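> The following block contains the structure, expressed as structure tokens.
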Amino acid sequence: MNYAVAAPAVHTLTVAGRDERFPVNRIFCVGRNYAAHAREMGKDPDRDPPFYFMKPAQATVDAAQAVTIPYPPRTTDFHHEIELVLAIGRGGGDIDVGNALDHVYGYAVGLDMTRRDLQLEARDKGRPWEFGKSFATSAPIGAIHRAEDTGHPREAAITLTVNGEPRQSSDIAKLIWSVSECIAVLSQYETLEPGDLIMTGTPEGVNSVVRGDVLHGAIDGLGEITVTVAS
Ligand code: MN
């Protein structure tokens, strides 16, 4: 292929225990999927259909090993959101909720890093969330654990500490919209493709980090991530 400009790199993530890597296509993120987090953001949790926003593939950082990310520009309120991440292995549209798990390649621990000041300004002015959510290195993600190795987790502790202090602690059983429902609803709007990721939302306890902070996230059975904010 003779490209007019340099072709962008394929962004990839580690697959636990395997040599091959997972190529990242699109990143879909579910908003307000734990009731206590919806409340801390000043919203009523309810069963309105889930809503989604996106990050570019360039947002991904392979956090299978400890990594450092930069403190991003144009914010003074850089927040952590620890999340269960789904990796889609088989695409499809209008996926039946009963078959949705067949489309999952694996699961990982991830961070939806957020410029909260920019997100809330956009939200309150009715503007898009991109500057708050969709910037480079805003999605550190640990090794993907294949569903065929680990099964499909329905309950598991999800935690985040900053400099060893507890910040977020919940259970993925508290997702308002389950993994299957997140896939089925999204696929009604957009045909899913292999390589897509779905970040399923964060529990309560989101807060800011500063330069030099060390974030440690974990989901039982899916490993851990350690992410340092550059000083
Ligand atoms: Mn999030």
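> Kindly list, by first and then second residue, each pair from a residue in segment 58-80 that is among the aromatic types (F, W, Y) to a residue that is crowded, with 17+ Cβ neighbours inside 10 Å, limited to pairs with Cβ atoms under 6 Å and residues at least 6 apart or on different chains.
Pairs found: Y71/V229; F78/V209.
> On to the next question. Run down R167, R115, R146 and say which single residue is modelled with pLDDT of 95 or more, within 16 Å of the ligand (Cβ to nearest atom) and more than 23 Å from Y52 (Cβ to Cβ).
R167
> Can you tell me how many residues in segment 6-40 are in contact with a helix residue (DSSP H, G or I) (Cβ under 6 Å, 6 or more places away or on another chain) and away from the ligand (no atom under 16 Å from the Cβ)?
The total comes to 2.
> Further question on the same structure: Condition first: more than 16 Å from the ligand (Cβ to nearest atom), touching a Phe, Trp or Tyr at 6+ places or on another chain (Cβ under 8 Å) and farther than 30 Å from R211 by Cβ. Now tell me which residues in segment 73-99 satisfy that.
A87, I88, G89, R90
> Name the residues in segment 55-110 that are among the polar types (S, T, N, Q) and either under 21 Å from F22 (Cα atoms) or part of a helix (DSSP H, G or I) (or both), would you?
Those that are among the polar types (S, T, N, Q) and either under 21 Å from F22 (Cα atoms) or part of a helix (DSSP H, G or I) (or both): Q58, T60, Q65, T68, N99.
> Among P70, P49, which is under 19 Å from the mean Cα position of the chain (by Cα), surrounded by fewer than 15 Cβ atoms within 10 Å (Cβ to Cβ) and at pLDDT below 95?
Answer to the selection: P49.
> Tally up the residues in segment 185-215 that are touching a Cys at 6+ places or on another chain (Cβ under 9 Å) and either more than 16 Å from the ligand (Cβ to nearest atom) or in a loop (DSSP other than H, G, I, E, B) (or both), please.
Residues meeting the conditions: 2.
> Moving to a separate point now. Return the only residue of D124, D44, D102 being at pLDDT below 95, more than 16 Å from the ligand (Cβ to nearest atom) and surrounded by fewer than 23 Cβ atoms within 10 Å (Cβ to Cβ).
D44
The values are calculated or read from the model by the stated rules, or taken from the named source; none is laboratory data. These figures come from a predicted structure and were not determined experimentally. Every residue, glycine among them, receives a Cβ derived from its backbone with ideal geometry; neighbour counts consider all protein chains shown.
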